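Novice: Take this structure first; my questions come after.
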Amino acid sequence: MSATGYHEVFERFKPVCVKLLREHTLENVVELHRVLQEPVDPEILQKIQEYILFPLRLIQKQSPNKCETFRTEVTKCQMAVLNQTEITGFEMFQDIFTAICISLSSADPQYKVAPLCEERKLALVQCLSALINSTTFSVLEQVYQANFLPPMGHAVSVMLHLVETEGMRQLRLASITCIQDLAVLNSKVSKKLNILAANVFASFLPGISIAMTKVATGDSKQGHRITKAAIETWSRLMSLVLSDKYLNTESKTTKDLEDGKPYDKLIVIRSPDWVTTTAKKLKILVTKMISLANHNNWRVRLAMVEWAETLLTNCTKSLQLCTPDLLNIVISRVGDEYEKVSNTSQQALATLQKMNITREKTFVEILEDNLYIIATNLPRMIRTSAVLHHDLEQRNNPQRLKKSFKHFTDQNIETELIKLCHLIGYYGDLDIVLDHFLERFMQSSLHRKQAAFILNQIVLGCTEPDISVDIPAVSIRESDALLYSVRMIIDEYLQPEHWNLPTDNQSDDGMSATDSQDWLIVSANHRRAKASGLAIEQINSNILQICLMLEGMAGFSKVLGSDFRPLLMDVLYPVLEKLGDDNNTVSQTAYTALCCISEACQYGNIQELILMNADYLVNSISLRLRHLMSNPKAPLVLKVTVTYSNKDILPVIDDTITEVFESLDNHYGERSLMFLQVLHALVVSISQWFPVTNSTSCTKETDTTDGLETEVEDSSSEIITDCGLREIETFFKDYLRQRHITETLDSKETEMSIEENCIENDPKQDIEMETDAISAPPKYVIIVKQAFHVLSVLADTSGDFIKQRVVKDVIPKVTDLLYKLASNSKKTGPGYRFTIVCRLQLAMLENTSAVCSKIGLTDHHLGPVLEASLPYLGSGQHPVLQQAAVEIWLKFAKQQPDYVWLILHNVYSPNTLRPPHQCFKEIQMPGSRTRNEFSENIEKILGTI
């Protein structure tokens with residue numbers, strides 16, 4: 001360091017410091033901060049340290065009323081000096097330390113921290129850390145003495161308060177770092193200084209450990225960095241105060257303390273009794289910290305492994321009571337999904353195995369004791385709570401089953417549980433294990449779902465467990481024994497009390513709840529469901545149980561492969577029954593199970609599986625149709641069979657379809673919907689198997705139908721006789737007219753859908769049913785809309801053929817109903833558009849014009865339609881109805897402009913009609929020239945003509 005260099009640096013700082021000393025302004029502080037950021041020789045800056053700090057220290061003491069921005073900048077400037085120099089005098093350290101603590105502390109004894117802005121607090125905390133880090137060891141040895149313990153304790157208390165109460169994440173992190181700096185945890189210091197710091201911080205150990213535990217186990221929204229910092233502070237402070245190597249020198253250190261000083265009584269003597277008492281209290285906090293080992297952030301889990309390793313390595317004797325819990329943390333993270341966490345745990349175990357961490361037991365004995373405790377507690381946890389729960393989750397894919405567990409949420413735990421079940425199935429005595437869980441399944445409704453889950457996983461692990469650990473192989477199980485075990489489980493699954501569970505609170509499969517015969521035959525489960533209605537929790541439990549059993553059957557087929565074929569006779573019909581279930585989750589799970597069974601039994605797909613076993617299925621369906629009251633879902637199995645098959649199934653189900661019609665005759669009450677769904681599925685499937693090209697004339701339509709019949713006849717000469725399209729349609733419509741099924745809403749919708757698929761065959765008969773539907777009461781809005789839709793299809797395919805019937809039967813009923821409803825919609829509010837009547841009016845207005853246009857109505861027949869829609873042009877009508885009416889008039893104006901013009905002028909004449917020559921008389925239209933409720937809409941329509 002040259003004299004010239006020193007002089008230049010001093011001359012650079014002197015005017016800035018003098019100006020700041022005279023004028024306490026923000027600009028002067030900023031200027032000093034700028035000069036400090038310029039490159040300066042550290043030795044020169046150390047020499048003029050006191051000169052630079054003097055105005056800053058003076059401002060802190062003499063300008064308490066300055067704005068916080070100014071005081072914050074002063075603190076930052078002071079911190080910049082401390083970061084580039086060293087504090088070599090205890091007086092200066094004490095002065096700066098006290099000034100910072102006073103600035104942070106509140107004058108009101110009710111509050112620990114002054115009401116400062118967060119930026120000001122952050123700057124003060126960082127400045128205190130910079131002060132500790134810039135102080136020489138010789139000064140720090142004076143700091144960690146009994147006489148400085150009160151101000152040190154006050155600083156620690158303020159930092160803990162900031163960590164626990166502040167919301168600013170950066171401020172909380174800085175406060176935790178400051179606590180570490182105060183305990184010289186971030187600096188490499190001498191053993192003597194560590195012992196002195198441990199003596200002082202032994203007094204603060206309870207407060208710091210409790211506060212860090214509270215922060216670490218606090219709200220997860222605080223961020224992983226704060227949690228990790230709290231964990232590290234906890235372990236490093238324990239390693240300082242309770243370190244085995246520092247406790248050995250405790251007696252010598254305490255003797256060196258001066259006698260007779262009043263502050264000496266504040267120093268905690270770390271005697272063996274004190275260590276034992278402290279360890280007992282810390283065990284409570286350790287127990288609370290264990291939960292962080294399963295934190296969702298891998299950095300926190302890694303910090304917990306390091307936390308446990310640090311305490312086990314450095315505090316082996318002092319924290320011997322906590323050894324099992326700490327060891328559990330390290331062991332639990334050996335299989336962590338993050339490689340860094342897993343590797344750290346394995347390295348920690350290897351290190352601990354070489355150490356004698358306990359006097360009484362070896363490392364292996366401790367592991368055995370921990371495993372025994374876990375295995376002992378697990379059954380109690382399962383018995384005292386319903387572990388497995390049910391949740392439905394809607395994603396982009398179809399609704400799927402999601403299993404959730406009561407005692408954990410981490411999916412990795414479920415994965416490890418499944419691996420454990422696979423190991424039991426692979427190595428265990430299968431007969432004993434399956435008998436035990438089957439007994440649980442049969443005897444305990446509380447544990448039935450859990451037992452099914454475990455049974456499924458044990459069987460999946462019988463052949464080859466899906467695990468990554470290095471384990472010795474065992475001999476392959478005999479296929480006959482495994483088949484016997486699987487059959488035993490399936491037989492229990494298919495018991496009616498386990499399989500036929502209600503999945504909703506509706507009347508079961510369309511059966512009347514008041515039918516005395518049904519009431520005697522239906523199972524007790526269904527009777528209870530009908531009588532009082534099941535709680536949603538019970539319904540969800542039933543759905544989960546059924547899905548677990550379906551998943552089990554899928555898994556069994558994977559394990560057995562082609563050996564599963566002998567079980568198809570028992571499994572196929574029940575699974576198809578669940579495929580037709582109204583609950584989407586059950587249906588989707590059954591579909592997945594069928595896919596697995598098809599693959600395992602070496603079928604190409606579900607279609608091939610059904611076709612190759614069609615004889616058995618049709619026979620089972622026929623037998624159950626004869627006893628429908630005790631087998632209410634038999635028609636749905638036939639529906640599923642037809643839906644997932646191809647045209648090759650038709651010869652097989654020929655007689656069964658006839659039985660369906662006969663059953664429909666015998667059970668025409670509320671069961672009709674179930675049979676209609678079967679017939680609807682049949683008609684839709686036939687239309688897909690034998691697609692018909694749309695034709696525009698009756699002749700071509702007949703030819704197409706004949707061609708279709710010929711094609712079907714080529715496949716099977718018997719199909720056209722009993723199951724042809726025309727025969728199904730004719731029989732179905734005759735039956736409907738006899739039984740008046742059209743009175744039921746759901747039956748009406750199904751009928752419309754079937755009719756639309758068979759519309760090309762006989763439009764003459766269809767028009768009668770559409771006319772009845774259009775005249776239905778207003779509550780049947782869906783029926784009216786569907787009737788118009790079918791009528792529109794008829795108009796497309798038949799044209800003039802149905803014109804007379806529409807004019808005679810449809811138009812009068814439509815116009816009459818529109819007239820009657822017009823008065824209801826006058827002067828209504830905005831909410832009227834959501835009523836049933838408004839929807840009915842819209843349906844009739846929107847569809848009438850389309851039908852009339854397609855059949856080519858002339859002005860003579862068009863008049864009633866226009867007259868019926870005229871009231872809806874009034875301004876008193878709802879805007880939605882007005883718009884619909886205007887669109888009708890505009891459409892008819894393109895077809896019959898003169899006729900429309902004349903009718904509108906009879907209501908309102910916006911302009912005077914002048915003759916082209918004086919020889920003609922002036923025409924007087926009957927419509928009023930004065931504006932009325934129709935004026936606005938009539939002007940819109942006339943403007944387009």
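The values are calculated or read from the model by the stated rules, or taken from the named source; none is laboratory data. Everything quoted here is computed from the prediction, not taken from an experiment. Quick reminder, even Gly has a Cβ in these numbers, built from the backbone with ideal geometry, and neighbours come from all protein chains shown. The area values use the complete protein model at the heavy-atom level, side chains included, leaving out ligands, DNA and RNA. Shrake-Rupley method; radii C 1.70, N 1.55, O 1.52, S 1.80 Å.
Novice: Cβ neighbours within 10 Å, averaged per peptide: list 191-202, 635-646 in order, most packed at the top.
Specialist: On the way: 191-202: 20.5, 635-646: 23.0.
Result, highest mean Cβ count within 10 Å first: 635-646, 191-202.
Novice: Which cross-chain or sequence-distant (5 or more) residues have an amide H under 5 Å from the amide H of Thr135, H modelled 1.01 Å from N in plane?
Specialist: Correct list: Ile87.
Novice: Too long at a 25 Å Cα-Cα cut-off: which of Lys558/Lys639; Lys808/Lys854; Lys19/Lys61; Lys283/Lys403?
Specialist: On the way: Lys558/Lys639 27 Å; Lys808/Lys854 16 Å; Lys19/Lys61 18 Å; Lys283/Lys403 35 Å.
Check vs 25 Å cut-off fails for Lys558/Lys639; Lys283/Lys403.
Novice: When only alpha-carbon atoms count, how far does region 49-159 stretch along each of its three principal axes, as whole angstroms with the largest first?
Specialist: The principal-axis extents, from largest down, are 36, 32, 21 Å.
Novice: How do the peptides 581-594, 33-46, 91-104 rank, highest first, by the average count of neighbouring beta carbon atoms within 10 Å per residue?
Specialist: Values: 581-594: 20.2, 33-46: 13.7, 91-104: 17.9.
In descending order of packing, they fall as 581-594, 91-104, 33-46.
Novice: Positive end of the dipole of region 790-912, charges at C-beta (+1 Lys, Arg; -1 Asp, Glu), about the Cα centre: which of Leu881, Gly856, Gly829 has its Cα farthest in that direction?
Specialist: My answer, from the dipole projection, is Gly829.
Novice: Hey, what do the phi angles of region 178-185 turn into as Karplus ³J(HN,Hα) couplings, whole Hz, using 6.51/-1.76/1.60 and θ = phi - 60°, x for Gly and Pro?
Specialist: Karplus-based 3J(HN,Hα) across region 178-185 equals 5, 4, 4, 5, 4, 8, 6, 7 Hz.
Novice: Compute the accessible area per residue over region 1-63, keeping the other protein chains in place, probe 1.4 Å, unit Å².
Specialist: Computed with neighbouring chains in place, this is 58 Å² per residue.
Novice: Considering only protein heavy atoms and a 1.4 Å probe, what is the carbon-and-sulfur percentage of the accessible area of region 625-686?
Specialist: Working: 1060 of 2230 Å².
So the carbon and sulfur contribution to the accessible surface is 48 percent.
Novice: Sticking with this structure for a sec: Could you provide, to the nearest whole Å², the per residue accessible area of region 77-226 with probe 1.4 Å? Each step should come with its number before you reach the end.
Specialist: On the way: 5790 Å² over 150 residues.
Per residue, region 77-226 has 39 Å² of solvent-accessible surface.
Novice: Please work out the average accessible area per residue across region 821-881, using the 1.4 Å probe convention, and give it in Å². Let's see the in-between values first.
Specialist: On the way: 2480 Å² over 61 residues.
Result: 41 Å² of accessible area for each residue.
Novice: Also, quick follow-up: Rounded to the nearest Å, what's the spacing between the alpha carbon centres of region 879-917 and region 77-137? Just the number, please.
Specialist: Comparing the Cα centres of region 879-917 and region 77-137, I get a distance of 89 Å.
Novice: Next question, about the same structure. Relative to the compact globular guide of 2.2 N^0.38 Å, what is the alpha carbon radius of gyration of region 536-583, as a ratio? Don't skip to the end; give the middle numbers.
Specialist: Values: Rg = 12.5 Å, N = 48, 2.2 N^0.38 = 9.6 Å.
After normalising by residue count via 2.2 N^0.38 Å, the value is 1.30.
Novice: Another one. Please state the Cα pair-distance histogram of region 594-652 with 10 angstrom bins from zero: what percent is in each bin?
Specialist: Histogram of Cα-Cα distances, whole percents per bin: 23, 48, 26, 3.
Novice: Further question: Could you look at region 53-212 and say what percent of its accessible area is carbon and sulfur, using a 1.4 Å probe and all protein chains?
Specialist: 53
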